Amino acid sequence: MNSFGSEILLNQLKAAHGALEQTMEGVNDKVAHFMPPGTANPIAGVYAHLVFSEDLFIHGFLKKTPPLFETKFKDKTGASEVHPMDWKVEYPRWLKEVYLDIKQFQKYAKAVFEESEKYVESLTDEDLKKDVDMSAWGMGTKKEYDFIANLISGHVYPTMGEIAVLKGIQGLKGYPF
């Protein structure tokens with residue numbers, strides 16, 4: 001049985017996913033791989049980072065199961081390579097070079113978002129108070145509600161802003177509203 005807390009988090013997560021999907025409208029392979037000036041990253045890298053991270057966070061940290069990119073979507077995410085765990089060398093390169101088949105990657109993203117929402121919907125108040133050990137990532141211990149609100153839902157909005165700007169500099173409408 002879900003709780004009031006999980007209902008709030010679920011509504012927040014669904015709203016974030018919905019707004020992101022609307023922001024991604026009009027993004028085709030060419031738009032996704034446009035290399036912006038300066039040190040900004042293309043939409044493909046930014047979007048892939050968000051989706052792979054959510055998959056890993058929900059499955060690896062919260063459910064303690066392998067992520068979809070290792071199971072149901074193994075070799076079927078639509079990405080040329082999965083998100084690297086080396087943040088200093090491989091990650092910056094990957095952000096700029098990862099190639100996405102946008103239509104296929106959006107199928108993977110939809111599955112990740114559905115899994116996340118289903119998981120959050122299942123949580124009780126007791127579940128939300130459990131500790132999530134993030135010390136391996138230098139973030140100490142977080143409560144599950146904080147993890148979901150800030151590292152999952154909270155990750156969507158700034159990423160959506162980056163995507164909106166990257167669409168705008170290509171002459172497209174960024175946000176859907």
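Okay, residues lined up against (1) under 21 Å from V46 (Cα atoms); (2) under 13 Å from the mean Cα position of the chain (by Cα); (3) of a type in the set (K, R):
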position: G78; (1), (2), (3): yes, no, no
position: E90; (1), (2), (3): yes, no, no
position: Y99; (1), (2), (3): yes, no, no
position: Y108; (1), (2), (3): yes, yes, no
position: V120; (1), (2), (3): no, no, no
Among the listed residues K64, K103, which satisfies the condition of being at negative phi, loosely packed, with under 14 Cβ neighbours inside 10 Å and out of contact with any Pro (no Cβ under 8 Å at 6 or more places or on another chain)?
K103
Conditions first: (1) over 23 Å from N150 (Cβ atoms); (2) of a type in the set (G, A, S); (3) part of a helix (DSSP H, G or I); (4) without any contact (Cβ under 8 Å) to a residue 24 or more places away in the chain. G38 passes all but one, so which condition is the exception?
(3)
Checking S116 against (1) surrounded by fewer than 19 Cβ atoms within 10 Å (Cβ to Cβ); (2) of a type in the set (S, T, N, Q); (3) closer than 20 Å to P158 by Cα: exactly one of these is not met. Which one?
(1)
Within segment 140-164, track down each residue that is more than 27 Å from A32 (Cβ to Cβ), touching a helix residue (DSSP H, G or I) at 6+ places or on another chain (Cβ under 8 Å) and surrounded by fewer than 17 Cβ atoms within 10 Å (Cβ to Cβ).
T141, K143
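Where a number appears in this text, it was derived from the coordinates with a stated rule and is not lab data. Everything numeric here is computed off the predicted structure, so don't read it as measured data. Don't worry about glycine lacking a Cβ; one is built from the backbone with ideal geometry, like all the others, and counts go over all protein chains shown.
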